[in-house]
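The values are calculated or read from the model by the stated rules, or taken from the named source; none is laboratory data. This is a predicted model, so every value here is computed, not measured. A quick note on method: Cβ atoms are made from the backbone with ideal geometry, for glycine too, and the neighbour counts reach across all protein chains shown. In case anyone asks, the SASA skips ligands and DNA or RNA and just uses the protein heavy atoms, side chains included. Shrake-Rupley method; radii C 1.70, N 1.55, O 1.52, S 1.80 Å.
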Amino acid sequence: MKTKKPAKKKIAAILSIAFASLLFLPLSFLGVVTLMASNRSVQVEAKNIENETGLVQQRGRALYDPNGDYLLLRGVNAGNLLVSEGWLSPFSIGESLDESGNAILDHDGLPTYPELPMEQAREGFLKNPNLSDAQRKELLRIYRSSWFGPTDFALIKSMGLNMIRLPFYWRDILSQSQDGTFFRKEEGEAFAYLDSFLEGCKDSGLYCILDLHGAPGGQNGYEHSGDMTKADLWKEERYQKATADLWAYVAGHYTNSRPDLSPVIASYDILNEPCSDYSNPGEGSDPDVCYPVFDQIYQAIRGEGDEHVITIEAMWSYDRFRDPAHYGWRNIMHETHMYNWDHAKIPYWLYNDYHELRNWGHDYAVPFYMGEFTFFENEAAWKEQLALYERRGYSWSFWNYKASVTGWWTTSWSVVTQKLDLRDGKRKANLATDTYEELRQAFLATSTEHCQKSNTYRFVSEFIQGAREPKKADLFGQSD
(Lines give C-alpha, C1' and ligand atoms only; values in the text may rest on other atoms or scores of the structure.)
Protein backbone atom coordinates (compact mmCIF):
# COMPACT_ATOMS: atom_id res chain seq x y z
CA MET A 1 0.00 0.00 0.00
CA LYS A 2 1.30 3.47 -0.88
CA THR A 3 1.77 6.01 1.88
CA LYS A 4 1.53 9.81 1.61
CA LYS A 5 4.57 11.99 2.23
CA PRO A 6 4.31 14.80 4.77
CA ALA A 7 3.44 18.14 3.14
CA LYS A 8 6.85 19.69 3.82
CA LYS A 9 8.63 16.79 2.17
CA LYS A 10 6.30 16.96 -0.82
CA ILE A 11 6.96 20.69 -1.30
CA ALA A 12 10.70 20.17 -0.97
CA ALA A 13 10.54 17.42 -3.58
CA ILE A 14 8.61 19.66 -6.01
CA LEU A 15 11.10 22.50 -5.57
CA SER A 16 14.01 20.12 -6.15
CA ILE A 17 12.44 18.83 -9.35
CA ALA A 18 11.75 22.36 -10.58
CA PHE A 19 15.33 23.44 -9.88
CA ALA A 20 16.73 20.36 -11.62
CA SER A 21 14.48 21.05 -14.62
CA LEU A 22 15.92 24.54 -14.98
CA LEU A 23 19.47 23.22 -14.82
CA PHE A 24 18.85 20.45 -17.32
CA LEU A 25 16.26 22.11 -19.54
CA PRO A 26 18.19 21.42 -22.78
CA LEU A 27 18.53 17.76 -21.88
CA SER A 28 14.88 17.58 -20.84
CA PHE A 29 13.88 19.13 -24.15
CA LEU A 30 15.89 16.53 -26.05
CA GLY A 31 14.27 13.82 -23.97
CA VAL A 32 10.80 15.08 -24.86
CA VAL A 33 11.71 15.36 -28.54
CA THR A 34 13.17 11.88 -28.72
CA LEU A 35 10.27 10.40 -26.79
CA MET A 36 7.91 11.95 -29.32
CA ALA A 37 10.04 10.52 -32.12
CA SER A 38 10.08 7.05 -30.64
CA ASN A 39 6.29 7.05 -30.51
CA ARG A 40 5.63 8.36 -33.98
CA SER A 41 4.15 6.10 -36.62
CA VAL A 42 5.99 5.31 -39.81
CA GLN A 43 5.02 7.22 -42.94
CA VAL A 44 5.51 5.29 -46.16
CA GLU A 45 4.48 6.23 -49.63
CA ALA A 46 1.94 3.58 -50.61
CA LYS A 47 0.08 0.46 -49.52
CA ASN A 48 1.02 -1.26 -52.78
CA ILE A 49 3.34 -0.79 -55.74
CA GLU A 50 3.89 -2.09 -59.23
CA ASN A 51 6.19 -5.07 -58.75
CA GLU A 52 7.26 -6.96 -61.86
CA THR A 53 10.28 -8.70 -60.27
CA GLY A 54 8.35 -11.38 -58.39
CA LEU A 55 10.60 -10.66 -55.38
CA VAL A 56 10.30 -8.74 -52.14
CA GLN A 57 11.24 -5.15 -53.02
CA GLN A 58 12.06 -1.89 -51.26
CA ARG A 59 10.46 1.44 -52.00
CA GLY A 60 11.18 4.32 -49.67
CA ARG A 61 10.83 3.26 -46.05
CA ALA A 62 8.88 0.08 -46.75
CA LEU A 63 9.14 -3.44 -48.08
CA TYR A 64 6.62 -4.87 -50.52
CA ASP A 65 5.84 -8.50 -51.22
CA PRO A 66 6.02 -10.14 -54.68
CA ASN A 67 2.44 -9.01 -55.32
CA GLY A 68 3.36 -5.40 -54.55
CA ASP A 69 1.57 -5.20 -51.18
CA TYR A 70 3.08 -3.58 -48.09
CA LEU A 71 5.12 -6.12 -46.09
CA LEU A 72 6.25 -6.10 -42.47
CA LEU A 73 8.54 -9.02 -41.62
CA ARG A 74 8.01 -10.62 -38.21
CA GLY A 75 10.48 -13.40 -37.56
CA VAL A 76 12.93 -15.40 -35.52
CA ASN A 77 16.57 -16.44 -35.95
CA ALA A 78 17.63 -20.04 -36.57
CA GLY A 79 20.89 -19.72 -34.65
CA ASN A 80 23.19 -22.67 -33.87
CA LEU A 81 21.86 -24.59 -36.87
CA LEU A 82 24.69 -23.84 -39.30
CA VAL A 83 26.97 -21.76 -37.04
CA SER A 84 27.89 -23.03 -33.58
CA GLU A 85 27.63 -21.02 -30.37
CA GLY A 86 28.67 -22.90 -27.25
CA TRP A 87 26.06 -21.40 -24.95
CA LEU A 88 23.22 -22.47 -27.25
CA SER A 89 24.66 -25.83 -28.16
CA PRO A 90 24.12 -29.46 -27.06
CA PHE A 91 27.73 -30.29 -27.95
CA SER A 92 31.21 -29.18 -26.98
CA ILE A 93 34.85 -30.11 -27.39
CA GLY A 94 35.34 -30.41 -23.65
CA GLU A 95 34.45 -28.76 -20.36
CA SER A 96 36.00 -25.59 -18.96
CA LEU A 97 38.92 -26.65 -16.75
CA ASP A 98 40.83 -24.91 -13.97
CA GLU A 99 44.63 -24.91 -13.62
CA SER A 100 44.52 -28.33 -11.98
CA GLY A 101 42.50 -29.85 -14.81
CA ASN A 102 39.26 -30.04 -12.86
CA ALA A 103 35.92 -29.05 -14.35
CA ILE A 104 34.81 -25.52 -13.48
CA LEU A 105 31.31 -25.71 -12.02
CA ASP A 106 28.57 -23.09 -12.02
CA HIS A 107 26.54 -21.95 -9.01
CA ASP A 108 24.32 -25.03 -9.38
CA GLY A 109 27.30 -27.36 -9.34
CA LEU A 110 27.01 -28.11 -13.07
CA PRO A 111 29.99 -28.26 -15.46
CA THR A 112 30.61 -25.17 -17.58
CA TYR A 113 31.79 -25.01 -21.16
CA PRO A 114 33.98 -22.55 -23.07
CA GLU A 115 32.88 -20.63 -26.14
CA LEU A 116 32.82 -22.77 -29.26
CA PRO A 117 33.48 -20.88 -32.50
CA MET A 118 32.87 -22.82 -35.69
CA GLU A 119 36.55 -23.31 -36.51
CA GLN A 120 37.21 -25.04 -33.17
CA ALA A 121 34.06 -27.15 -33.42
CA ARG A 122 34.99 -28.18 -36.95
CA GLU A 123 38.57 -29.05 -36.01
CA GLY A 124 37.48 -31.19 -33.07
CA PHE A 125 34.88 -33.00 -35.18
CA LEU A 126 37.31 -33.68 -38.04
CA LYS A 127 40.00 -35.02 -35.67
CA ASN A 128 37.66 -37.32 -33.72
CA PRO A 129 39.41 -40.72 -34.07
CA ASN A 130 36.16 -42.62 -33.56
CA LEU A 131 34.51 -41.33 -36.74
CA SER A 132 34.85 -42.04 -40.45
CA ASP A 133 34.18 -39.36 -43.05
CA ALA A 134 30.91 -41.09 -43.95
CA GLN A 135 29.84 -41.07 -40.30
CA ARG A 136 30.67 -37.38 -39.93
CA LYS A 137 28.54 -36.59 -42.96
CA GLU A 138 25.65 -38.62 -41.56
CA LEU A 139 25.95 -37.05 -38.11
CA LEU A 140 25.84 -33.60 -39.67
CA ARG A 141 22.65 -34.55 -41.48
CA ILE A 142 21.10 -35.95 -38.27
CA TYR A 143 21.98 -32.87 -36.28
CA ARG A 144 20.57 -30.41 -38.81
CA SER A 145 17.35 -32.34 -39.37
CA SER A 146 16.85 -32.78 -35.61
CA TRP A 147 17.66 -29.21 -34.57
CA PHE A 148 15.33 -27.81 -37.22
CA GLY A 149 12.74 -29.80 -39.15
CA PRO A 150 9.15 -29.72 -40.46
CA THR A 151 7.73 -29.41 -36.94
CA ASP A 152 9.73 -26.24 -36.42
CA PHE A 153 8.60 -24.56 -39.64
CA ALA A 154 5.00 -25.34 -38.62
CA LEU A 155 5.49 -24.03 -35.06
CA ILE A 156 6.97 -20.76 -36.29
CA LYS A 157 4.09 -20.31 -38.72
CA SER A 158 1.55 -21.09 -35.98
CA MET A 159 2.99 -18.27 -33.84
CA GLY A 160 1.94 -15.77 -36.51
CA LEU A 161 5.49 -15.15 -37.70
CA ASN A 162 6.21 -14.85 -41.42
CA MET A 163 10.01 -15.03 -41.64
CA ILE A 164 13.12 -16.92 -40.49
CA ARG A 165 16.58 -15.37 -40.48
CA LEU A 166 19.06 -18.15 -41.30
CA PRO A 167 22.66 -17.58 -40.16
CA PHE A 168 25.17 -19.51 -42.29
CA TYR A 169 28.95 -19.82 -42.46
CA TRP A 170 31.36 -19.16 -45.30
CA ARG A 171 32.48 -22.81 -45.33
CA ASP A 172 28.94 -23.80 -46.33
CA ILE A 173 29.59 -22.18 -49.72
CA LEU A 174 33.37 -21.96 -50.20
CA SER A 175 36.41 -24.15 -49.55
CA GLN A 176 39.99 -23.14 -48.87
CA SER A 177 43.10 -24.88 -50.14
CA GLN A 178 46.24 -25.40 -48.05
CA ASP A 179 47.87 -22.36 -49.63
CA GLY A 180 44.96 -20.20 -48.43
CA THR A 181 43.21 -19.87 -51.80
CA PHE A 182 39.41 -19.74 -51.66
CA PHE A 183 37.34 -21.57 -54.25
CA ARG A 184 33.68 -22.37 -54.79
CA LYS A 185 32.27 -25.73 -53.76
CA GLU A 186 30.34 -27.68 -56.37
CA GLU A 187 26.90 -26.14 -56.68
CA GLY A 188 25.10 -29.28 -55.52
CA GLU A 189 27.18 -29.40 -52.35
CA ALA A 190 27.28 -25.67 -51.66
CA PHE A 191 23.53 -25.14 -51.82
CA ALA A 192 22.06 -28.51 -50.85
CA TYR A 193 21.09 -27.42 -47.35
CA LEU A 194 20.19 -23.81 -48.15
CA ASP A 195 17.91 -25.01 -50.94
CA SER A 196 16.29 -27.54 -48.63
CA PHE A 197 15.72 -24.92 -45.93
CA LEU A 198 14.22 -22.49 -48.43
CA GLU A 199 11.94 -25.23 -49.71
CA GLY A 200 10.76 -25.73 -46.11
CA CYS A 201 10.06 -22.02 -45.86
CA LYS A 202 8.22 -22.03 -49.17
CA ASP A 203 6.03 -24.99 -48.18
CA SER A 204 5.21 -23.26 -44.87
CA GLY A 205 4.47 -19.83 -46.33
CA LEU A 206 7.49 -18.20 -44.69
CA TYR A 207 10.10 -15.79 -46.00
CA CYS A 208 13.79 -16.31 -45.29
CA ILE A 209 16.63 -13.85 -44.80
CA LEU A 210 20.00 -15.38 -45.68
CA ASP A 211 22.51 -14.08 -43.15
CA LEU A 212 26.28 -14.48 -43.60
CA HIS A 213 27.14 -14.90 -39.93
CA GLY A 214 30.80 -15.72 -40.42
CA ALA A 215 32.81 -14.36 -43.36
CA PRO A 216 36.26 -15.40 -44.64
CA GLY A 217 38.85 -13.81 -42.38
CA GLY A 218 36.22 -12.90 -39.80
CA GLN A 219 34.23 -9.68 -39.55
CA ASN A 220 34.16 -9.15 -35.77
CA GLY A 221 36.11 -11.72 -33.73
CA TYR A 222 33.05 -12.86 -31.79
CA GLU A 223 32.36 -16.54 -31.11
CA HIS A 224 29.47 -16.59 -33.58
CA SER A 225 31.68 -15.29 -36.41
CA GLY A 226 33.40 -18.68 -36.43
CA ASP A 227 36.88 -17.50 -35.43
CA MET A 228 37.73 -15.55 -32.27
CA THR A 229 41.38 -14.95 -33.21
CA LYS A 230 40.92 -12.23 -35.82
CA ALA A 231 38.68 -9.90 -37.80
CA ASP A 232 40.89 -9.62 -40.86
CA LEU A 233 38.17 -9.18 -43.45
CA TRP A 234 38.73 -5.43 -43.12
CA LYS A 235 42.50 -5.70 -43.60
CA GLU A 236 43.15 -8.27 -46.32
CA GLU A 237 41.96 -7.98 -49.89
CA ARG A 238 41.84 -11.77 -50.37
CA TYR A 239 39.17 -12.09 -47.69
CA GLN A 240 37.16 -9.27 -49.20
CA LYS A 241 37.33 -10.84 -52.65
CA ALA A 242 36.30 -14.22 -51.24
CA THR A 243 33.32 -12.71 -49.43
CA ALA A 244 32.20 -10.83 -52.53
CA ASP A 245 32.61 -14.01 -54.60
CA LEU A 246 30.58 -15.98 -52.06
CA TRP A 247 27.68 -13.57 -52.47
CA ALA A 248 28.06 -13.56 -56.25
CA TYR A 249 27.78 -17.35 -56.13
CA VAL A 250 24.66 -17.17 -53.95
CA ALA A 251 23.10 -14.52 -56.19
CA GLY A 252 23.87 -16.46 -59.36
CA HIS A 253 22.45 -19.67 -57.92
CA TYR A 254 19.11 -18.15 -56.93
CA THR A 255 18.85 -16.02 -60.04
CA ASN A 256 19.74 -18.70 -62.58
CA SER A 257 19.78 -22.22 -61.09
CA ARG A 258 16.93 -22.01 -58.57
CA PRO A 259 14.80 -19.01 -59.51
CA ASP A 260 11.80 -20.88 -58.06
CA LEU A 261 13.23 -20.21 -54.59
CA SER A 262 14.02 -16.55 -55.18
CA PRO A 263 10.63 -15.22 -54.03
CA VAL A 264 11.14 -16.95 -50.67
CA ILE A 265 14.28 -14.90 -49.98
CA ALA A 266 13.25 -11.59 -48.42
CA SER A 267 16.80 -10.25 -48.31
CA TYR A 268 20.51 -10.98 -48.39
CA ASP A 269 21.95 -9.96 -45.00
CA ILE A 270 25.48 -9.59 -46.31
CA LEU A 271 27.51 -9.38 -43.06
CA ASN A 272 26.38 -10.06 -39.52
CA GLU A 273 27.52 -7.52 -36.93
CA PRO A 274 30.39 -5.94 -38.87
CA CYS A 275 32.81 -4.67 -36.21
CA SER A 276 35.81 -3.15 -37.87
CA ASP A 277 38.26 -3.03 -34.95
CA TYR A 278 39.22 -6.47 -33.62
CA SER A 279 40.99 -4.95 -30.63
CA ASN A 280 37.78 -3.16 -29.64
CA PRO A 281 34.79 -4.99 -31.18
CA GLY A 282 32.38 -3.17 -28.90
CA GLU A 283 33.16 -0.01 -30.84
CA GLY A 284 31.17 -1.40 -33.75
CA SER A 285 31.18 -0.41 -37.41
CA ASP A 286 33.47 2.34 -38.66
CA PRO A 287 31.75 3.48 -41.89
CA ASP A 288 35.05 4.52 -43.46
CA VAL A 289 36.32 0.96 -43.06
CA CYS A 290 33.14 -1.01 -43.64
CA TYR A 291 31.38 0.73 -46.50
CA PRO A 292 34.04 0.07 -49.17
CA VAL A 293 33.68 -3.66 -48.37
CA PHE A 294 29.89 -3.41 -48.40
CA ASP A 295 30.12 -1.83 -51.83
CA GLN A 296 32.27 -4.68 -53.19
CA ILE A 297 29.66 -7.18 -52.03
CA TYR A 298 26.78 -5.09 -53.36
CA GLN A 299 28.39 -4.81 -56.80
CA ALA A 300 29.09 -8.57 -56.87
CA ILE A 301 25.42 -9.37 -56.20
CA ARG A 302 24.04 -6.87 -58.68
CA GLY A 303 26.61 -8.06 -61.22
CA GLU A 304 24.71 -11.38 -61.34
CA GLY A 305 21.52 -9.58 -62.35
CA ASP A 306 20.08 -10.25 -58.90
CA GLU A 307 17.33 -7.87 -57.69
CA HIS A 308 16.88 -9.07 -54.10
CA VAL A 309 16.81 -6.59 -51.25
CA ILE A 310 20.31 -6.23 -49.77
CA THR A 311 20.53 -5.63 -46.03
CA ILE A 312 23.31 -3.45 -44.64
CA GLU A 313 24.11 -3.89 -40.95
CA ALA A 314 25.75 -1.22 -38.82
CA MET A 315 26.74 -1.79 -35.21
CA TRP A 316 25.94 -0.68 -32.59
CA SER A 317 23.83 2.36 -33.33
CA TYR A 318 22.01 4.21 -36.08
CA ASP A 319 24.74 6.78 -36.61
CA ARG A 320 27.00 4.19 -38.28
CA PHE A 321 24.81 4.15 -41.40
CA ARG A 322 25.42 6.16 -44.55
CA ASP A 323 22.96 7.20 -47.21
CA PRO A 324 22.63 4.37 -49.81
CA ALA A 325 21.95 7.00 -52.47
CA HIS A 326 25.54 8.23 -52.04
CA TYR A 327 26.74 4.90 -53.47
CA GLY A 328 24.03 4.57 -56.09
CA TRP A 329 22.59 1.57 -54.28
CA ARG A 330 18.99 0.50 -54.75
CA ASN A 331 16.74 -2.02 -53.00
CA ILE A 332 18.40 -1.60 -49.60
CA MET A 333 17.32 -2.27 -46.01
CA HIS A 334 19.17 -1.13 -42.86
CA GLU A 335 19.63 -3.40 -39.85
CA THR A 336 20.98 -3.22 -36.34
CA HIS A 337 20.74 -5.38 -33.22
CA MET A 338 19.42 -4.14 -29.90
CA TYR A 339 20.44 -5.82 -26.66
CA ASN A 340 19.80 -3.78 -23.54
CA TRP A 341 22.24 -5.70 -21.36
CA ASP A 342 21.69 -3.29 -18.46
CA HIS A 343 17.93 -3.65 -18.65
CA ALA A 344 17.70 -3.99 -14.86
CA LYS A 345 19.10 -0.46 -14.54
CA ILE A 346 18.18 1.25 -17.80
CA PRO A 347 14.44 1.43 -18.61
CA TYR A 348 13.55 0.71 -22.20
CA TRP A 349 12.06 4.16 -22.80
CA LEU A 350 15.47 5.67 -21.98
CA TYR A 351 17.26 3.03 -24.04
CA ASN A 352 15.02 3.82 -27.02
CA ASP A 353 15.50 7.58 -26.64
CA TYR A 354 19.28 7.20 -26.55
CA HIS A 355 19.20 5.44 -29.89
CA GLU A 356 16.75 7.96 -31.30
CA LEU A 357 19.29 10.67 -30.53
CA ARG A 358 21.96 8.69 -32.36
CA ASN A 359 19.57 8.39 -35.29
CA TRP A 360 19.35 12.12 -35.95
CA GLY A 361 20.79 12.84 -39.36
CA HIS A 362 21.02 9.14 -40.26
CA ASP A 363 17.36 8.25 -40.78
CA TYR A 364 17.53 7.57 -44.51
CA ALA A 365 14.61 6.74 -46.78
CA VAL A 366 15.00 2.96 -46.50
CA PRO A 367 13.19 0.33 -44.41
CA PHE A 368 14.62 -0.56 -41.04
CA TYR A 369 15.02 -4.05 -39.55
CA MET A 370 15.71 -5.11 -35.97
CA GLY A 371 17.57 -8.31 -36.82
CA GLU A 372 18.35 -9.54 -33.30
CA PHE A 373 17.10 -8.76 -29.81
CA THR A 374 15.65 -10.26 -26.67
CA PHE A 375 13.82 -8.70 -23.75
CA PHE A 376 14.73 -11.54 -21.40
CA GLU A 377 11.86 -12.50 -19.02
CA ASN A 378 10.32 -9.02 -19.08
CA GLU A 379 6.87 -9.67 -20.50
CA ALA A 380 5.90 -5.99 -20.46
CA ALA A 381 9.04 -5.09 -22.41
CA TRP A 382 8.24 -7.71 -25.07
CA LYS A 383 4.82 -6.17 -25.61
CA GLU A 384 5.95 -2.54 -25.49
CA GLN A 385 9.05 -2.94 -27.66
CA LEU A 386 7.38 -5.03 -30.32
CA ALA A 387 4.55 -2.50 -30.42
CA LEU A 388 7.14 0.25 -30.87
CA TYR A 389 8.78 -1.59 -33.77
CA GLU A 390 5.42 -2.08 -35.43
CA ARG A 391 4.49 1.60 -35.06
CA ARG A 392 7.77 2.55 -36.62
CA GLY A 393 7.30 0.05 -39.46
CA TYR A 394 10.42 -1.88 -38.44
CA SER A 395 10.61 -5.49 -39.53
CA TRP A 396 12.01 -7.67 -36.74
CA SER A 397 13.41 -11.08 -35.78
CA PHE A 398 14.29 -11.98 -32.22
CA TRP A 399 17.12 -14.24 -31.08
CA ASN A 400 16.67 -17.27 -31.00
CA TYR A 401 14.45 -20.17 -32.04
CA LYS A 402 16.09 -23.02 -30.09
CA ALA A 403 18.63 -23.42 -27.29
CA SER A 404 20.12 -26.25 -25.26
CA VAL A 405 20.62 -25.33 -21.61
CA THR A 406 22.75 -27.16 -19.06
CA GLY A 407 20.11 -27.23 -16.36
CA TRP A 408 16.46 -27.96 -15.75
CA TRP A 409 14.98 -24.62 -16.76
CA THR A 410 13.82 -22.99 -19.98
CA THR A 411 15.35 -19.78 -21.27
CA SER A 412 13.95 -16.55 -22.68
CA TRP A 413 16.66 -16.76 -25.33
CA SER A 414 14.64 -19.32 -27.28
CA VAL A 415 11.17 -20.34 -28.36
CA VAL A 416 11.85 -23.98 -27.48
CA THR A 417 14.46 -25.28 -25.05
CA GLN A 418 16.25 -28.60 -24.84
CA LYS A 419 16.90 -29.08 -21.15
CA LEU A 420 20.24 -30.83 -20.74
CA ASP A 421 20.07 -31.83 -17.09
CA LEU A 422 23.79 -32.30 -16.37
CA ARG A 423 23.34 -33.41 -12.79
CA ASP A 424 24.58 -36.85 -11.72
CA GLY A 425 27.72 -36.68 -13.85
CA LYS A 426 26.02 -36.08 -17.20
CA ARG A 427 27.68 -33.77 -19.76
CA LYS A 428 27.33 -32.28 -23.21
CA ALA A 429 28.28 -34.44 -26.17
CA ASN A 430 31.95 -34.07 -27.13
CA LEU A 431 32.56 -33.63 -30.86
CA ALA A 432 36.23 -34.51 -30.46
CA THR A 433 36.02 -37.75 -28.46
CA ASP A 434 32.52 -39.29 -28.44
CA THR A 435 31.59 -42.32 -30.50
CA TYR A 436 29.26 -42.24 -33.47
CA GLU A 437 26.40 -43.67 -31.40
CA GLU A 438 26.92 -41.22 -28.54
CA LEU A 439 26.83 -38.27 -30.92
CA ARG A 440 23.89 -39.70 -32.86
CA GLN A 441 21.81 -40.03 -29.71
CA ALA A 442 22.79 -36.54 -28.55
CA PHE A 443 21.81 -35.01 -31.88
CA LEU A 444 18.50 -36.87 -32.09
CA ALA A 445 17.64 -35.60 -28.62
CA THR A 446 17.64 -32.00 -29.89
CA SER A 447 14.45 -32.48 -31.91
CA THR A 448 11.59 -30.27 -30.79
CA GLU A 449 9.53 -33.20 -29.52
CA HIS A 450 12.11 -33.47 -26.72
CA CYS A 451 12.05 -29.73 -25.98
CA GLN A 452 9.87 -27.45 -23.92
CA LYS A 453 8.31 -24.17 -24.98
CA SER A 454 9.68 -21.16 -23.16
CA ASN A 455 8.01 -17.95 -22.01
CA THR A 456 9.21 -16.29 -25.21
CA TYR A 457 6.87 -18.52 -27.19
CA ARG A 458 3.96 -17.14 -25.19
CA PHE A 459 5.16 -13.52 -25.17
CA VAL A 460 5.51 -13.37 -28.96
CA SER A 461 2.45 -15.44 -29.83
CA GLU A 462 0.18 -13.40 -27.58
CA PHE A 463 1.56 -10.14 -28.95
CA ILE A 464 0.91 -11.13 -32.55
CA GLN A 465 -2.54 -12.49 -31.76
CA GLY A 466 -3.42 -9.25 -29.99
CA ALA A 467 -1.70 -6.84 -32.33
CA ARG A 468 -4.10 -4.91 -34.47
CA GLU A 469 -3.36 -4.53 -38.14
CA PRO A 470 -1.82 -1.07 -38.63
CA LYS A 471 -4.34 1.50 -39.75
CA LYS A 472 -3.76 2.98 -43.16
CA ALA A 473 -3.48 6.39 -41.53
CA ASP A 474 -0.56 5.11 -39.45
CA LEU A 475 1.27 3.62 -42.38
CA PHE A 476 0.47 5.76 -45.34
CA GLY A 477 -0.40 9.16 -43.98
CA GLN A 478 -3.95 8.97 -45.29
CA SER A 479 -7.36 8.09 -43.87
CA ASP A 480 -9.55 5.21 -44.90
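Points to keep in mind about this one:
- Between the beta carbons of Tyr339 and Ser257, assuming R0 = 41 Å, the FRET efficiency works out to 0.65 to the nearest 0.05.
- For the stretch 449-457, the Karplus equation 6.51 cos²θ - 1.76 cosθ + 1.60, evaluated at θ = phi - 60°, returns couplings of 5, 9, 9, 10, 5, 9, 4, 4, 3 Hz by residue, with Gly and Pro reported as x.
- Looking at the chain, the accessible area is 45 square angstrom per residue; that uses a 1.4 Å probe and ignores ligands, DNA and RNA.
- Sparse packing (at most 11 other Cβ atoms within 10 Å of the Cβ) combined with a DSSP loop state is found for the following chymotrypsin sites (Phe, Trp or Tyr not before Pro) in the stretch 272-345: Trp341.
- Relative contact order for the stretch 48-197, counting Cα pairs under 8 Å that sit 6 or more residues apart, in percent: 22
- Over the chain, DSSP H runs of length four or greater, each weighted -39,500 (n - 2.57), average out per residue to a 222 nm ellipticity of -10500 deg cm²/dmol.
- Added length on full extension, which subtracts the Cα-Cα distance from 0.36 nm per residue, Asn102 to Glu237: 44.3 nm
- Dipole moment magnitude, nearest 20 debye, the chain about Cα centre, only Lys, Arg, Asp, Glu C-beta charged: 2080
- In the stretch 97-175, the inverse of the mean reciprocal separation of distinct Cα atoms equals 16.4 Å; this is its Kirkwood hydrodynamic radius.
- Charge dipole (debye, nearest 20) of the stretch 293-437; +1 at Cβ of Lys and Arg, -1 at Cβ of Asp and Glu: 340
- Two-site label geometry, Ser196 and Asn67: point separation in nm, points 7 Å out along Cα→Cβ: 3.2
- Accessible carbon and sulfur surface of the chain relative to its total accessible area, %, 1.4 Å: 54
- Pairs of C-alpha atoms in the stretch 178-234 farther apart than 16 Å represent 62 percent of all such pairs.
- Computed from backbone phi, the HN-Hα couplings of the stretch 372-389 come to 8, 5, 8, 10, 6, 9, 8, 4, 4, 5, 4, 5, 5, 6, 5, 5, 4, 4 Hz, rounded to whole numbers (Karplus: 6.51 cos²θ - 1.76 cosθ + 1.60, θ = phi - 60°; Gly and Pro given as x).
- The modelled label-to-label distance for the pair Ser158/Leu357, using points 7 Å beyond Cα in the direction of Cβ, is 4.5 nm.
- Full extension of the chain between Glu123 and Trp349 yields a length gain of 76.9 nm, computed as 0.36 nm times the residue separation minus the alpha carbon distance.
- Compactness of the chain is given as radius of gyration and Dmax, 23.7, 81 Å, from Cα positions.
- Length-normalised contact order for the chain - Cα pairs under 8 Å, 6+ apart - percent: 21
- Pairs beyond 22 Å (Cα-Cα), from Lys185/Lys428; Lys47/Lys202; Lys127/Lys428: Lys185/Lys428; Lys47/Lys202
- Using θ = phi - 60° and Karplus 6.51 cos²θ - 1.76 cosθ + 1.60, couplings along the stretch 439-448 (whole Hz; Gly, Pro as x): 5, 4, 5, 5, 6, 4, 6, 7, 5, 4
- On full extension, the segment bounded by Asp133 and Glu379 gains 83.9 nm, given 0.36 nm per residue less the C-alpha separation.
- Amide H contacts of Ala429 (H built 1.01 Å from N, in plane; Pro and chain starts excluded): Ser92 sit under 5 Å, all sequence-distant by 5 or more or on other chains.
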